[in-house]
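**Student:** Mind looking over this structure? Questions follow.
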Amino acid sequence: MQIAILGRQPEFGLAELWAVGATHVQPLTPDTAEFDGPDLNINRLGSIKKLGTILFTTNRAKLQADLKKYAAKTLIPELTNTPERHKITLGVSAYSASITAKDAFNLGVIVKKSLKAKEISVRLVPNTTPDLSTAQSFHNGLSSNPYKIELLVITQGDRLTVAQMTGVQNPDAYAARDQARPKRDAFVGMLPPKLAQTMVNLALGPKNSTAQSQKSTNQNATNQNATSQHLVRLLDPFCGTGVILQEAYLSGCQIYGTDLSPKMVGYTRANLEWLMQKSVVAPALLEVADAQTHHWQPPIDAIASEIYLGSPLSAPPSFAKLQVLRKNAEELLQNFLTNLAPQITSDTRLCLAIPAWRQENGGFSRLNLDFLGHIEYNVEGKSRDLLYAREQQIVARDLIILVKNKE
């Protein structure tokens, strides 16, 4: 079994785990889950901060003794199986309301003492919080080689699960993809790369995610005959500045983007050219097009997109203004989906970010999707639980996962 440390909105991480083929997904705490299934690439998961492999389960009274046993029976043999000795970097992250930063650090001290007794030099990463941030874990190289180790301690009642981290998100890579792109536009919205990455996975689903995992996920290393293979083609019909397409490309997809605005298509092209500088795969297919009427070039294997969210707002809209915003967004969404339906095959998945508006009472007004049944789509599972909103953000992103009905 494996452990996932979930992101700021855990429901997104749980949905993403299911989408990439994880099985037996079970939340342990509000920000952690265990799961079974394939080995996952942390670099392709937008809503999972860390991954780990479960070492053992125990209870609070036995935790210290079991950590010593783990060090003696597992860790020390692994670290001393070659004549050359290496200095070890060790960190501990605790996910529990009852374990303090000092407690977490002291758990690391227990393991450190066991290693030092066998003349293994250890540098312990200090805890300022019970869990090390992704930046701390990444910049200390934890999980990058056998001599850099982070233990994850998850408390669920009296049960404690201890895992060894196998992957951590690279915050620098996300920042570069977001801020170093040559073309950005705050007016059309700044879709975060992590959210775009999650949307791509939700659109691909288990079937396409498995297919993609069998191909290279690093397009810069793709061999010369990769262009002759069938890659999953992902369409973004409202591509904006191309954030979703860049994440789909990095996931190994063939990418296809359209937008009503020639300016946005130009921005997407510039951003993708910047991203693909050393690529040997086929370039993106980009077109200026109205998603309500356009006929896209087949095949279309999956769709991920953020439809037009409307103008930015600094305060909750009045009732009258809200009715106009909702009507316009619902008409756009319905027209687009009606146009798309005959162009895709049954079981094709879509992940769409549609607008929701914060109200004075703190709740959100969301679009009415009752029309979907009349135009051949089903809403998958609990996808309406996926509302992405920062604090004080007026226009939220309401993620919906749709599946084209079987014919």
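The values are calculated or read from the model by the stated rules, or taken from the named source; none is laboratory data. Every value quoted in this text rests on a predicted model; they were computed, and no experiment measured them. Glycine also receives a Cβ, built like all others from the backbone with ideal geometry; neighbour counts cover every protein chain displayed.
**Student:** Modelled with pLDDT of 95 or more and surrounded by fewer than 22 Cβ atoms within 10 Å (Cβ to Cβ), is that true of Asn145? Talk me through it step by step, then tell me what you get.
**Tutor:** Numbers: modelled with pLDDT of 95 or more: no; surrounded by fewer than 22 Cβ atoms within 10 Å (Cβ to Cβ): yes.
So Asn145 does not fit the description; no.
**Student:** Can you find even one residue in the stretch 89-110 that is in a helix (DSSP H, G or I), surrounded by 14 or more Cβ atoms within 10 Å (Cβ to Cβ) and in contact with a helix residue (DSSP H, G or I) (Cβ under 6 Å, 6 or more places away or on another chain)?
**Tutor:** Looking for residues that are in a helix (DSSP H, G or I), surrounded by 14 or more Cβ atoms within 10 Å (Cβ to Cβ) and in contact with a helix residue (DSSP H, G or I) (Cβ under 6 Å, 6 or more places away or on another chain), one finds at least one in the stretch 89-110, hence yes.
**Student:** From the list Thr338, Thr348, pick out the single residue that is touching a Lys or Arg at 6+ places or on another chain (Cβ under 6 Å), of a type outside the set (D, E, K, R) and either more than 21 Å from Leu191 (Cα to Cα) or not assigned by TED's automatic domain parsing to the domain that holds Thr258 (or both). Lay out the reasoning, then the answer.
**Tutor:** Details: Thr338 fails: touching a Lys or Arg at 6+ places or on another chain (Cβ under 6 Å).
Exactly one of Thr338, Thr348 is touching a Lys or Arg at 6+ places or on another chain (Cβ under 6 Å), of a type outside the set (D, E, K, R) and either more than 21 Å from Leu191 (Cα to Cα) or not assigned by TED's automatic domain parsing to the domain that holds Thr258 (or both), namely Thr348.
**Student:** Taking into account only those residues within the stretch 162-201 that are of a type in the set (Gly, Ala, Ser) and touching a strand residue (DSSP E or B) at 6+ places or on another chain (Cβ under 9 Å), which is surrounded by the fewest Cβ atoms within 10 Å (Cβ to Cβ)?
**Tutor:** Gly189
**Student:** Collect the residues in the stretch 314-349 that are farther than 29 Å from Ala289 by Cβ and exposed (fewer than 12 other Cβ atoms within 10 Å of the Cβ), keeping them in residue-number order.
**Tutor:** Ser314, Ala315, Ser318, Phe319, Ala320
**Student:** So Ile5 ticks every box in (1) in contact (Cβ under 8 Å) with a residue 60 or more places away in the chain; (2) more than 21 Å from Glu150 (Cβ to Cβ); (3) of a type in the set (A, V, I, L, M) but one. Which box is left unticked?
**Tutor:** (2)
**Student:** For the subset of the stretch 356-407 comprising residues that are β-branched (Val, Ile, Thr) and either under 23 Å from the mean Cα position of the chain (by Cα) or assigned to a loop (DSSP other than H, G, I, E, B) (or both), which member is surrounded by the most Cβ atoms within 10 Å (Cβ to Cβ)? Write out each step before concluding.
**Tutor:** Looking only at the stretch 356-407, we keep the residues that are β-branched (Val, Ile, Thr), and these are 375, 379, 394-395, 400-401, 403.
Now drop any that are not either under 23 Å from the mean Cα position of the chain (by Cα) or assigned to a loop (DSSP other than H, G, I, E, B) (or both), which leaves 379, 394-395, 400-401, 403.
Values: Val379: 14, Ile394: 17, Val395: 20, Ile400: 21, Ile401: 23, Val403: 18.
This residue is Ile401.
**Student:** Please go through the stretch 119-140 and give me each residue that is loosely packed, with under 15 Cβ neighbours inside 10 Å and outside any helix (DSSP H, G or I), ordered by number.
**Tutor:** The answer is Glu119, Ser121, Arg123, Pro126, Thr128, Thr129, Ser133.
**Student:** While we're looking at this one, here's another question. Considering Leu28, Leu51, which residue is over 22 Å from Leu350 (Cα atoms) and modelled with pLDDT of 95 or more?
**Tutor:** Leu51
**Student:** List every residue pair whose Cβ atoms sit under 8 Å apart, with the two residues 6 or more apart in sequence or on different chains, where the first one lies in the stretch 296-320 and is in the same structural domain as Glu331 (by TED's automatic domain parsing) and farther than 30 Å from Leu204 by Cβ and the second, anywhere, is basic (Lys, Arg) and part of a strand (DSSP E or B).
**Tutor:** Within 8 Å, the pairs are Pro316/Arg358.
**Student:** Here is a list: Ala270, Ala329, Ala302. Which entry is of a type in the set (A, V, I, L, M, F, W, C) and farther than 24 Å from Tyr388 by Cα?
**Tutor:** Working: Ala329 fails: farther than 24 Å from Tyr388 by Cα; Ala302 fails: farther than 24 Å from Tyr388 by Cα.
Every option except Ala270 fails the conditions.
**Student:** Quick check, is Leu309 among the hydrophobic types (A, V, I, L, M, F, W, C), touching a Pro at 6+ places or on another chain (Cβ under 6 Å) and part of a loop (DSSP other than H, G, I, E, B)? Walk me through it before giving the result.
**Tutor:** Numbers: among the hydrophobic types (A, V, I, L, M, F, W, C): yes; touching a Pro at 6+ places or on another chain (Cβ under 6 Å): yes; part of a loop (DSSP other than H, G, I, E, B): yes.
Spelling it out, Leu309 is indeed among the hydrophobic types (A, V, I, L, M, F, W, C), touching a Pro at 6+ places or on another chain (Cβ under 6 Å) and part of a loop (DSSP other than H, G, I, E, B).
**Student:** Checking Phe12 against (1) touching a Phe, Trp or Tyr at 6+ places or on another chain (Cβ under 8 Å); (2) surrounded by fewer than 22 Cβ atoms within 10 Å (Cβ to Cβ), which test does it fail?
**Tutor:** So the condition that Phe12 fails would be (2).
**Student:** Can you name the condition, by its number, that Arg159 falls short on among (1) exposed (fewer than 13 other Cβ atoms within 10 Å of the Cβ); (2) within 30 Å of Ala196 (Cα to Cα)?
**Tutor:** With (1) exposed (fewer than 13 other Cβ atoms within 10 Å of the Cβ); (2) within 30 Å of Ala196 (Cα to Cα) applied to Arg159, the lone miss is (2).
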